[in-house]
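**Q** Provided herewith is a single structure, encoded as structure tokens, for subsequent inquiry.
Every number here is computed from the coordinates shown, using simple stated rules; none is lab data. In this text, all values refer to a predicted model and were calculated from it rather than measured experimentally. With ideal geometry, Cβ positions are generated from the backbone for all residues, glycine too; neighbour counts draw on all protein chains shown.
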Amino acid sequence: MVSLFENLPDATDAYRIDLTREWAEQPDKLGATGSAVAPTAVEFDDAGNGLALWRATKSGVEQLYFSRFRAASGKWAAATFLPGSKASEGGSGYERGVPALATDPQGKAVALWLAAEGTTATPKLMASHYNAISGWAPPLPIGMTFSGAPMDEPPALVFDGETFVAAFLAYQGSELQTVVTRFDATNSVWSRPEPRQSLGDPSSVTRMPKLASDGRGHLILVWASDAGSTYQFYYQRYANAAWGATTAVPGGAIEHPDFPLSSSFSWSLASNRDGLAALAWTDDDGSGVSTKRIRLASFY
């Protein structure tokens, strides 16, 4: 099992524990990243087979690469570019965002990423699905985002025990919204993006939302939003086939004014099968001192 991924300027490395439960002395080299260094997404199915997905450059053009880990051999396959993920050309504005990846217990997977084709083009959210027999399907756009969408932060993506669910920022009419969409595996299509919360002025918030699931059909959706003179985390729960009301995360005030605009202030959301959720983020009181904050909540 892969326990840690590390990005270097010219390669993506995987450190793993072998069958003797010892750390390997040397990492597996999955492939080059070029200048588009970004976090690597990695997921495993119940059989121990895995996928890794990352953004890379080749001859100055951005695209996505993936590698497959086979439990039977204990080895990663040579890195291969994700079909249909390559930018049409290099240069400013022709970008691929940091990808998101999720798998189900049987090894089916979904990848999401932003794709921008020029400095004046609004980035599209692209999606591709995978199975071990036929590989990756041709990517399709599932929604428009907005000018200035964060290319260095992945959209939210989880498998909730029943289907793949994604959340991202997009315009609905004239308003920037946190929206949610679900993947219909039978017909290989995504549902129409469903608005969950208006964020108002897009110049004040450009962070992607986060999703977490207990793997039993329940979801937690969290986003950052303007709360007047400060910023605040808000959430909605999905349970009994319905979304609940928007609620401020207790103790979820964000002190640094740049948090909603800069991916350098990291944050994460996770849930276990018993409904215990954790929201963690890096904040700053404006004096240059970073502070790690965490909130825990048990939902049942």
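**Q** Quick one: which of Lys124/Lys210; Lys29/Lys58; Lys75/Lys124; Lys29/Lys292 span more than 25 angstrom between C-alpha atoms?
**A** Lys75/Lys124; Lys29/Lys292
**Q** Right, another one. Please compute the modelled spin-label separation between Thr186 and Lys75, points set 7 Å along Cα→Cβ, answer in nm with one decimal.
**A** Each label point lies 7 Å from its Cα, and together they span 4.1 nm.
**Q** What is the fewest-to-most order of Tyr130, Tyr300, Tyr171, Tyr235 by other Cβ atoms lying within 10 Å of their Cβ?
**A** Ordered from fewest to most neighbouring Cβ atoms within 10 Å, Tyr130, Tyr300, Tyr171, Tyr235 come out as Tyr300, Tyr171, Tyr130, Tyr235.
**Q** On to the next question. Say the dipole of the stretch 209-296 comes from +1 at the beta carbon of Lys and Arg and -1 at that of Asp and Glu; which of Ser268, Ala242, Pro209 then lies farthest toward its positive end?
**A** The one lying farthest along the dipole's positive direction is Ala242.
**Q** Can you give the charge dipole size of the chain about its Cα centre, rounded to the nearest 20 debye, using +1 on the beta carbon of Lys and Arg and -1 on the beta carbon of Asp and Glu? Could the numbers behind the result be given before it?
**A** Working: 23 positive and 31 negative charges, 122 e Å.
In debye, rounded to 20, the chain gives about 580.
**Q** Length gain on complete extension for the stretch Thr247 to Ala137, per 0.36 nm per residue less the alpha carbon to alpha carbon distance?
**A** Gain on stretching Thr247 to Ala137: 35.8 nm.
**Q** Give the residue from Pro150, Gln172, Tyr94 lying farthest towards the positive end of the charge dipole for the chain; charges sit on Cβ (+1 for Lys and Arg, -1 for Asp and Glu) and the dipole is referred to the Cα centre.
**A** Looking along the dipole axis, the top candidate is Gln172.
**Q** Order these by the 10 Å Cβ neighbour count, fewest first: Met144, Met151, Met208.
**A** Fewest-to-most Cβ neighbours within 10 Å comes out as Met144, Met151, Met208.
**Q** Any chance you could list P(r) for the chain, counting all Cα-Cα pairs in 20 angstrom bins from zero, rounded to whole %?
**A** Pairs per bin, as whole percents: 33, 61, 7.
**Q** Got the relative contact order for the chain handy, in percent, Cα pairs under 8 Å and 6 or more residues apart?
**A** Answer for the chain is 8 percent.
**Q** Next up: On a C-alpha basis, how far is the centre of the stretch 247-293 from the centre of the stretch 47-93 in Å? Whole number, if you could?
**A** 30
**Q** I would also like to ask the following. How would Val61, Val98 line up from fewest to most surrounding beta-carbon atoms within 10 angstrom?
**A** The fewest-first ordering by Cβ neighbours comes to Val61, Val98.
**Q** Report the charge-dipole magnitude of the stretch 83-183 in Debye, nearest 20, computed about the Cα centre from +1 at each Lys and Arg Cβ and -1 at each Asp and Glu Cβ. Numbers along the way, then the final one.
**A** On the way: 5 positive and 9 negative charges, 45 e Å.
For this selection, approximately 220 debye.
**Q** While we're here: How much length, in nm to one decimal, is gained on full extension between Leu276 and Leu296, taken as 0.36 nm per residue of separation minus their Cα-Cα distance?
**A** 6.5 nm
**Q** I'd like to know which of Gln26, Gly288, Ala227 lies farthest towards the positive end of the charge dipole of the chain, counting +1 on Cβ of Lys and Arg and -1 on Cβ of Asp and Glu.
**A** Final value for the positive-end residue is Gln26.
**Q** Related question: Under a Cβ-only charge scheme (Lys and Arg +1, Asp and Glu -1), can you give me the dipole magnitude of the stretch 52-114 about the Cα centre, in debye to the nearest 20?
**A** Taking the Cα centre of the stretch 52-114 as origin, the dipole is about 280 debye.
**Q** Under a point spin-label approximation (7 Å from Cα along Cα-to-Cβ), what is the Glu162-Asp258 distance to one decimal in nm?
**A** 4.2
**Q** How much length is gained if the chain between Ser287 and Asp152 is pulled fully straight, taking 0.36 nm per residue apart and subtracting their Cα-Cα distance, in nm to one decimal? Let's see the in-between values first.
**A** Working: separation 135, 0.36 × 135 = 48.60 nm, distance 2.49 nm.
Stretched fully, the Ser287-Asp152 segment lengthens by 46.1 nm.
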